[in-house]
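The values are calculated or read from the model by the stated rules, or taken from the named source; none is laboratory data. Everything quoted here is computed from the prediction, not taken from an experiment. All Cβ positions, glycine included, derive from the backbone under ideal geometry; neighbour counts span all protein chains shown. We work out accessible area using only protein heavy atoms, side chains counted, and drop any ligands, DNA or RNA first. Shrake-Rupley method; radii C 1.70, N 1.55, O 1.52, S 1.80 Å.
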Amino acid sequence: MTQADTPIGQVDRSGALVRYYKELLAFFSNSLRDRDAATDVVHESYARVLAMDAQISIPEPRALLYCIGKNIVLDASRRNKVESGALESLTSLGHDAAPSVEREVVARQELAHIVSRLVAMPRKRRDAFVLVKIYGYSHAEAASHLACTVMAIEKHVARGIMDFVSHARLQGARNHA
């Protein structure tokens, strides 16, 4: 085993995790086509497993490492997609299309209203709403991430939408009064 092929410190809870390192590195190197990125994913996978409570038994450490690694890759892909979309939007704006001071103030006020509405939501509703509507998670992915059922996620998201709709109606009624 070379220095580059060994996990950092080779310290693990059961002694069984080390044997999967080369296999994981080969899998993620092949799928990502970037050995450095694959090394980062594998190391992060090991770090997350090692950070788990020692009282928790891991019946299938290999499957857990693969699952965590794939989730890391998915999260990075989502983040890159959002970042490139934002960058594309920014580059499509020309100097002539820069927002006026008035538009900027209105946009900041709208953002403040959205943030205040999110803060007012119960934690589980807010978490589900943000994962699904802002980060683009599917209901199943959000349910897995929050350790609840898909039905619960659907209800939280629907209630979050209703919170925004009722808040918008209240604001509209105040503006017309």
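Annotations for the structure displayed:
- In the range 90-177, counting only helices (runs of 4 or more DSSP H) that sit wholly within it, the ones holding 1 or more residues that are basic (Lys, Arg) and at pLDDT below 90 span 101-120, 150-176.
- Hey, ILE134 aliphatic (A, V, I, L, M) and within 13 Å of the chain's Cα centre (by Cα) or not: yes
- Candidates ALA128, ALA107, ALA120, filtered to the one that is farther than 30 Å from TYR21 by Cβ, surrounded by 10 or more Cβ atoms within 10 Å (Cβ to Cβ) and in contact with a helix residue (DSSP H, G or I) (Cβ under 6 Å, 6 or more places away or on another chain): ALA128
- Selection within the range 119-131 - aliphatic (A, V, I, L, M), under 18 Å from the mean Cα position of the chain (by Cα) and under 14 Å from MET162 (Cβ atoms): ALA128
- Scanning the range 31-52 for residues that are outside any helix (DSSP H, G or I) and among the charged types (D, E, K, R) gives ARG33, ASP34.
- Checked against (1) open to solvent by less than 80 Å² (accessible area, probe 1.4 Å); (2) under 21 Å from ALA76 (Cβ atoms), ARG48 meets all criteria but (1).
- Residues in the range 33-45 that are over 18 Å from the mean Cα position of the chain (by Cα) and open to solvent by 60 Å² or more (accessible area, probe 1.4 Å): 4 in all.
- Scan of the range 53-76 for residues that are open to solvent by 70 Å² or more (accessible area, probe 1.4 Å) and either in contact with a helix residue (DSSP H, G or I) (Cβ under 7 Å, 6 or more places away or on another chain) or modelled with pLDDT under 90 (or both), ordered by number: ASP53, ALA54, GLN55, ILE56, SER57, PRO59, GLU60, ARG62
- Qualifying residue in the range 11-18 (condition: under 27 Å from LEU146 (Cβ atoms), at pLDDT 90 or above, surrounded by 10 or more Cβ atoms within 10 Å (Cβ to Cβ) and among the hydrophobic types (A, V, I, L, M, F, W, C)): no
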